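Chemist: Below is a structure I'd like to ask you about.
The values are calculated or read from the model by the stated rules, or taken from the named source; none is laboratory data. Everything numeric in this text was worked out from a predicted model, so none of it was measured. Note: ideal-geometry Cβ built from the backbone for every residue, glycine included; neighbour counts use all protein chains shown. Remember, those area values only see protein heavy atoms, side chains included, never the ligands or the DNA or RNA. Shrake-Rupley method; radii C 1.70, N 1.55, O 1.52, S 1.80 Å.
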Amino acid sequence: MRRPNASELARLLADHITRLAPELLPHGKKDGAEWRVGSLAGEPGQSLAVRLTGARRGLWCDFSSGERGDSLDLVASVLFNGDRRSAMAWGGAWLGLANNAPHAPVQRPPVQEKLNSPELDKEAQQRRAKARRLWQDAAPGIADSPVEHYLQGRGIDLRLLGRAPGALRFHPAVWCAEVQRPLPAMLGAICGPTGKMAALHRTWLAQAPSGAWGKAELANAKKVLGSFAGGCIRLWRGASGAALGMAPDGDVTILAEGIETALSCAVGCPEYRVLASVSLSNMAAVKLPDTITEIIVAADNDAGNPAARKALKAALHQFAQQGRTVRLAVPEIERGDWNDVLRNKPDTGRNRS
């Protein structure tokens, strides 16, 4: 019998996801058509959702870290630190494809046995330290770097702003577990309420034969290193030019989910402060100073995603409860975001030199 390839194995695993998800993440619980758990570490919570039914069964997303993938990626991430080759071998055995063997039991990594223990805090500190070392290894500034060229390819010309965000850097070789080798990457510093870096957002990049830079062809080209609950990427200071912690009274802030969407808003509305929450589920948790009295939430037009609608509603409610004026900005482009709007905008003739 021919061994199934990765996509075939992912489909076969997805067909049994109602049994697989609870075995991989036993501390989760069923929530409608999803299996919900705190994270890939397996603690109880709601941040990570695995689809159990329908055409999207087997697909999962951790709304706190931005990690997502199919059923094979779930096996790789939970059991093998992202190694898909090992996940394929395990998946075949679990499905009984090897010599008609019975399902292989789930052998969880040690972290599953350390839930709610001090060792998890130690691991979190180690991830944060690793994120800071990686950030420090990258040279400040992105002028003429692959990051600048990647953003230009997305229609984001930072020269219109006069300067590039200090929260972004380029690193030529960041380890990618999916392909088991380092790749060039855009780094985004995620800072907590005090302004101290808490985690690091990574977007792996690749250069096409034409020389253009784009996202690497990966199942998940974006990942976060470290815990970032309540933090954000501080991309643009707006007209005041003040740091977030010293925002003046009445400061208007645009809050978007991703880096590219947020930068598109900064190019379009440079008078406003712009932040990226990294994930929708983290948006409601972002800590802002009291002087920011008006927030514009720049959301994607993603009406077909119930989880996204729920997280967006929670964020709007949370900021309103804090006594802030909250406005919602959604692009008219179906299933589009504000970067799509920027790229489809006619050339206004502004000087781009």
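Chemist: Just to verify a result, which residue in segment 286-296, among those that are among the aliphatic types (A, V, I, L, M) and either assigned to a loop (DSSP other than H, G, I, E, B) or open to solvent by 70 Å² or more (accessible area, probe 1.4 Å) (or both), is nearest to Thr261 (Cα to Cα)?
Modeler: Across segment 286-296, the extreme among qualifying residues is Val286.
Chemist: Separate question: Here's a check for you: in segment 186-218, which residue that is among the basic types (Lys, Arg) and within 17 Å of Pro140 (Cα to Cα) is least open to solvent (accessible area, probe 1.4 Å)?
Modeler: Arg202
One line per residue, one yes/no per condition, for (1) farther than 25 Å from Lys223 by Cβ; (2) surrounded by 23 or more Cβ atoms within 10 Å (Cβ to Cβ); (3) not β-branched (Val, Ile, Thr):
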{"position": "Val267", "(1), (2), (3)": "yes, no, no"}
{"position": "Met283", "(1), (2), (3)": "no, yes, yes"}
{"position": "Ala298", "(1), (2), (3)": "no, yes, yes"}
{"position": "Pro306", "(1), (2), (3)": "no, no, yes"}
{"position": "Ala315", "(1), (2), (3)": "no, yes, yes"}
{"position": "Val326", "(1), (2), (3)": "yes, no, no"}
{"position": "Asn344", "(1), (2), (3)": "yes, no, yes"}
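Chemist: Right, next: Checking the structure you have, find out if any residue of segment 340-347 is out of contact with any strand residue (DSSP E or B) (no Cβ under 9 Å at 6 or more places or on another chain) and among the β-branched types (Val, Ile, Thr).
Modeler: yes
Chemist: Within the group Arg56, Arg3, Arg11, Arg36, which residue is more than 12 Å from Gly91 (Cβ to Cβ), open to solvent by 70 Å² or more (accessible area, probe 1.4 Å), out of contact with any Phe, Trp or Tyr (no Cβ under 8 Å at 6 or more places or on another chain) and of a type in the set (Lys, Arg)?
Modeler: Arg56
Chemist: Let me ask you something else. Anything in segment 14-25 that is free of Cβ contacts under 8 Å to residues at least 40 places away in the same chain and open to solvent by less than 70 Å² (accessible area, probe 1.4 Å)? List them, or say none.
Modeler: Pro22
Chemist: Right, here's the next one. State yes or no: is Ala298 in contact (Cβ under 8 Å) with a residue 12 or more places away in the chain and closer than 16 Å to Gly192 by Cα?
Modeler: no
Chemist: For segment 31-43, enumerate the residues that are under 14 Å from Gly58 (Cα atoms) and without any contact (Cβ under 8 Å) to a residue 60 or more places away in the chain.
Modeler: Of everything in segment 31-43, those that are under 14 Å from Gly58 (Cα atoms) and without any contact (Cβ under 8 Å) to a residue 60 or more places away in the chain turn out to be Ala33, Trp35, Arg36.
Chemist: Moving on. Check Leu328 against each of (1) in a helix (DSSP H, G or I); (2) closer than 26 Å to Leu48 by Cα; (3) not acidic (Asp, Glu) and name the one condition it does not meet.
Modeler: Here Leu328 clears every test but (1).
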